[in-house]
Structure formats: structure tokens, C-alpha cells
1. When both residues are 6+ apart or on different chains and their Cβ atoms are under 6 Å apart, which pairs have a first residue that lies in the stretch 171-184 and is in contact (Cβ under 8 Å) with a residue 60 or more places away in the chain, and a second that is surrounded by 12 or more Cβ atoms within 10 Å (Cβ to Cβ) and among the hydrophobic types (A, V, I, L, M, F, W, C)?
2. Which of (1) modelled with pLDDT under 85; (2) among the hydroxyl-bearing types (Ser, Thr, Tyr); (3) assigned to a helix (DSSP H, G or I) is the odd one out, the single condition Ser157 does not satisfy?
3. Looking at the stretch 123-130, can you tell me whether even one residue there is open to solvent by 50 Å² or more (accessible area, probe 1.4 Å), of a type in the set (Ser, Thr, Tyr) and farther than 29 Å from Leu61 by Cβ?
4. Given the criterion farther than 15 Å from Leu168 by Cβ, hydrophobic (A, V, I, L, M, F, W, C) and over 20 Å from the mean Cα position of the chain (by Cα), identify the matching residue among Ile100, Ile57.
5. Quick one: would you say Ser113 is among the polar types (S, T, N, Q), within 22 Å of Lys184 (Cβ to Cβ) and assigned to a helix (DSSP H, G or I)?
6. Given the residues Tyr197, Tyr191, which is the only one that is modelled with pLDDT under 85, out of contact with any Leu (no Cβ under 6 Å at 6 or more places or on another chain) and in a helix (DSSP H, G or I)?
7. Under 7 Å between Cβ atoms, at least 6 apart or on separate chains: pull out the pairs that start in the stretch 59-78 with a residue that is within 13 Å of Thr30 (Cβ to Cβ) and end on any residue that is open to solvent by 40 Å² or more (accessible area, probe 1.4 Å) and β-branched (Val, Ile, Thr).
8. Does any residue of the stretch 146-161 turn out to be out of contact with any strand residue (DSSP E or B) (no Cβ under 7 Å at 6 or more places or on another chain), under 21 Å from Gly85 (Cβ atoms) and among the hydroxyl-bearing types (Ser, Thr, Tyr)?
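The values are calculated or read from the model by the stated rules, or taken from the named source; none is laboratory data. Just so it is clear, the model here is predicted, and its values are computed rather than measured. Backbone-built Cβ (ideal geometry, glycine too); neighbour counts: all protein chains shown. To get the accessible areas, we keep the full protein, side chains included, count just its heavy atoms, and leave off ligands, DNA and RNA. Shrake-Rupley method; radii C 1.70, N 1.55, O 1.52, S 1.80 Å.
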Amino acid sequence: MEENEKTVSTGKRVKTWLTAVFAIGFIAMTVFFVYEYSQGRFKSEENLQEYIASYGIYGPLILTFFQCIKVVYTVIPGALGCIVGATLFGTVKGFICSYIGICTGSLLAFTLSRKFGVSFVSSLMGEKHYNKCIKWLNRNRKNYSVFLWVAITFPFSPDDFLCYFSGLTHLSYKKFLIILLTSKPWTILAYSIIFGYLGKSV
């Protein structure tokens, strides 16, 4: 019995340490990317393309992390990474990096919202915009899942903010993940096909 308790205790400590290491690493990388953004590295396709290409074989990993941070740090233009990824790495690799990165970032945004609540999301969206969204949600609560799927599917919607906002709704992690994984590929795939083809023709 004591041996089992020690094993469970050791497992919990290892899990805690791994979580802490991941969190520290993620925060450090986020701070780094935010600094790079403040220096103008990501303000155009050309700048971002040069930046990611400078990492050589690690470029796909940098793109994937960039796409994740892009969702969390909502001021970065949404399509930028998809365009650059397809141009640099082609349709398939560009799509995979962007899809994994954006879905991870979207789930992280949902989790942060659920953990830190209304004041956190309101500060991100702006109180006026947040209040409008809440009023709309109260009128359309039953149809929110359908609305979210459609909004994420089509380009030019504020889907990064919607991931944060969705953390405050009735949606479970499972349902949000299903909506995210089935709606997110299509716009990314369209960008990847178009700019992957254009990248080959240049």
C-alpha cells in the first residue's frame, strides 16, 4: 500500500515538474516573440518570411509556434503565417504547421479564458465590445455552437477573440475541440493551396 502511494506521489511530482517546465518554456518563447513583434519582425509577409527562413531546418517549428502565439497574442494578422508557411514550405507542410499551431493556440485561448474569467476576456476585447457580445450571446445561446463553427470556417471573422469568448460560454472542452478541429482546416487549406502554388510559380 505504501509503495503504491509513493509511486502515485512520484508520478504527481514528475507531472508537476513537466508542467512547470513547459509553462516556463512557453512563457519565455511568448515573451521572445512579443519582443520580436515589437521590433517589426512580423509586420509584413516579407519580414516574417525572412525571419522564419533564417532558422533553416527549424523553420517549420518556428512557424508552428508562431501560429500558436498568433492566436494568443491577438494583434498579429490572422492570415500572415498561413501565407508565409505555404510560400516557404509548400502546401502540405505549410498546412500542417499552421493547422497544428492555430488549433493549439485556439485551445490555449479557450483554456486561459475559462481559467481567468470575465475580467480577463473583457480586458482583451474591450469592455464595450465585450458587453455587445454578451448581449448577443444571451439572445442566441441555443445557436452559439452553429454560429461558432460557421464563424471559424470562414475567413475574416474575429476567430481568435471568439476562442477567448467561447471559454465563458456553456461549451465543454470536448465540444469546443470538435468545432475547432472540423471548422479550422478549410481556410488554412485554401491559403495553403493558393500560396503554395504561387510559391512554386515564382
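1. Close Cβ pairs satisfying both conditions: Phe176/Phe110; Leu180/Cys103; Lys184/Cys103; Lys184/Ile152.
2. (3)
3. Yes, there is a match, as at least one residue in the stretch 123-130 is open to solvent by 50 Å² or more (accessible area, probe 1.4 Å), of a type in the set (Ser, Thr, Tyr) and farther than 29 Å from Leu61 by Cβ.
4. Exactly one of Ile100, Ile57 is farther than 15 Å from Leu168 by Cβ, hydrophobic (A, V, I, L, M, F, W, C) and over 20 Å from the mean Cα position of the chain (by Cα), namely Ile57.
5. Criteria met by Ser113.
6. Tyr197
7. Cys68/Thr104; Tyr73/Val34
8. yes
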